[in-house]
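Read through the structure below, which is laid out as structure tokens, and then see the notes.
Rule-based calculations on the coordinates, nothing more; no lab input. Computed from a predicted model, the values in this text were never measured in an experiment. Here the Cβ positions follow ideal geometry from the backbone for every residue, glycine too, while neighbour counts run over all protein chains shown.
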Protein chains: 2
Amino acid sequence: MFPLPEPMRAALDAARDAAKAGEVPVGAVVMRGETVVAIAANAPRTLHDPTAHAEMLAIRAAAEALGRERLQDCDLWVTLEPCAMCAGAISHARIARVYYGASDPKGGAVEHGPRFFAQPTCHHRPEVYSGIGEGEAGALLREFFAARR
Amino acid sequence: MFPLPEPMRAALDAARDAAKAGEVPVGAVVMRGETVVAIAANAPRTLHDPTAHAEMLAIRAAAEALGRERLQDCDLWVTLEPCAMCAGAISHARIARVYYGASDPKGGAVEHGPRFFAQPTCHHRPEVYSGIGEGEAGALLREFFAARR
């Protein structure tokens, strides 16, 4: 086992914070080179905001911190395969690289469903790396849903 | 010619406000029955927020106003075919009906590209009505881009 890269470790910590708050445990981190620009936990229930996925909150916080709507020099680390909403936002933000943990056959839109980045109408395709920390990310999700059944 | 429904008229007014602010002219309105819950204009540049499409801002404002993340009793009116990000948000918010104006072959994700609501993994499909006010919505967009060429 290689140690997990620091940004994914931070994203997993954010996912754990989400679970503690009663939210589906997903976390995301925006990096600019070696620098953390934003960390966010999934929070739609807490914020009463159906768009408040971890990726969306991290992208919005990063854009605000940098004072611009394009993050072409930034990478996104997220514990779960992004959905269509988040994949769309990643393209709009011009994120350079996406690193994600667990696959999401039910709601993912990168390797499942609409496979957004592979669509001819997708105007910006980040580099995508998957499976980083997927064991831990998937376990967090399974524990969360098992406890609620 | 039938007169335009009031919510689309309000969405077109918001699109015009967007253009005045130097933003791509798209406007959106969330209705709950006959009541306006939120009106928003496209504002990614102004807000330094790549997710700040009119639909996203209207959905977020409506959810905040109603104090809940699900808008199953609400309809969305928008001047342009929603993109993948916005279509995803519409599903997450459980919006009942979507009325849109102009088609968007380049970035739309309802009748173009990923056709998100037709995907087997789409967990909520609103009723969709298109072409309402498309002439005016399309003219606003063409004028905006022609002036910038």
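Within segment A:6-147, what percent of beta bridges assigned by DSSP are antiparallel, to the nearest 5? Can you show the working numbers first?
Numbers: 10 of 19 bridges.
The answer is about 55 percent antiparallel.
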| query | Going by a ≥ b ≥ c, the root eigenvalues of the Cα gyration tensor, does the protein assembly as shown fall in the rounded group (a/c under 1.5), the prolate group (a/b larger than b/c) or the oblate group? | reply | prolate
| query | Considering only DSSP beta bridges with both partners in the protein assembly as shown, what is the antiparallel share in %, to the nearest 5? | reply | 55 percent
| note | Going from the fewest other Cβ atoms within 10 Å to the most, one would list B:R148, A:R9 as B:R148, A:R9
| request: Arrange the following residues from fewest to most other Cβ atoms within 10 Å of their Cβ: B:Y99, B:Y129. | output: B:Y129, B:Y99
| request: Decide, for chain B, between rounded, prolate and oblate: order the square roots of the alpha carbon gyration tensor eigenvalues as a ≥ b ≥ c, take rounded if a/c falls under 1.5, and otherwise choose prolate if a/b is larger than b/c, else oblate. | output: rounded
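Is the C-alpha gyration tensor of segment B:1-84 telling us rounded, prolate or oblate? Criteria: a/c under 1.5 is rounded; beyond that, a/b larger than b/c is prolate, otherwise oblate. Spell out each step's value before the answer.
On the way: a/c = 2.00, a/b = 1.10, b/c = 1.82.
Oblate, because a/c is 1.5 or more while a/b does not exceed b/c.
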| request: Please tell me the relative contact order of chain A in percent, rounded to the nearest whole number, where contacts are Cα pairs under 8 Å and at least six residues apart. | output: 20 percent
| message | What does the net charge come to around A:E69 if you take all other residues with beta carbon closer than 14 Å to its beta carbon, with K and R at +1 and D and E at -1? | response | +1
| note | Helix-only [θ] at 222 nm, the protein assembly as shown, -39500 (n - 2.57) per DSSP H run of 4+, per residue, nearest 500, equals -11500 deg cm²/dmol
| task | Apply the membrane-span-like helix rule to chain B: whole DSSP H runs, Cα extent along the own long axis of at least 15 Å, mean Kyte-Doolittle hydropathy at least 1.0. List the helices found. | result | B:54-66
| remark: When A:V36, A:V110 are ranked with the fewest other C-beta atoms within 10 Å first, the list becomes A:V36, A:V110
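By the scheme Lys and Arg +1, Asp and Glu -1, what is the net charge of all other residues having a beta-carbon under 12 Å from that of B:P82?
Working: positive: B:R115; negative: B:E55, B:E81, B:D104, B:E111.
Here the count lands on -3.
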